[in-house]
Amino acid sequence: MTTMTHGPSTDTPAGDTRASGGMAARLFVPAFWGTLAIVAMWLAVLFDGVFGGDMVFSGPTHLTTIPSAVLVAL
């Protein structure tokens, strides 16, 4: 008597749309949205550092200038 082994199943559950592959499937990965949010925040800091002004604080004896990107980064 011989037995035949079968390869892995290619069937996907009816509600699983991620198994089909492609770019649309990667959009459902939660880490993608977290990464996108972090990149957007650091791009805001970058653009503020390049194009933003400075915060100037003056006192009776001194003048302090701090780039506005420091506050945005915090």
Looking at Thr10 and the list (1) hydroxyl-bearing (Ser, Thr, Tyr); (2) surrounded by fewer than 11 Cβ atoms within 10 Å (Cβ to Cβ); (3) modelled with pLDDT of 70 or more, which single condition is not satisfied? (3)
Output the number of the condition that Val45 fails; it satisfies all remaining conditions of (1) in a helix (DSSP H, G or I); (2) at pLDDT below 90; (3) surrounded by 11 or more Cβ atoms within 10 Å (Cβ to Cβ); (4) not acidic (Asp, Glu). (2)
Met55 meets each of (1) at pLDDT 80 or above; (2) surrounded by 11 or more Cβ atoms within 10 Å (Cβ to Cβ); (3) assigned to a helix (DSSP H, G or I) with one exception, condition (3)
Any residue in the stretch 56-74 that is under 12 Å from Ala44 (Cα atoms) sitting within a Cβ distance under 7 Å of a residue that is assigned to a helix (DSSP H, G or I)? List the pairs, counting only those 6 or more apart or interchain. Ser68/Asp48; Ala69/Val45; Ala69/Asp48; Ala69/Gly49; Val72/Ala44; Val72/Val45; Val72/Asp48; Ala73/Val45
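The values are calculated or read from the model by the stated rules, or taken from the named source; none is laboratory data. Quick caveat, the model's predicted, so the values are computed rather than measured. Please note: Cβ atoms are built from the backbone with ideal geometry, for glycine as well, and neighbour counts cover all protein chains shown.
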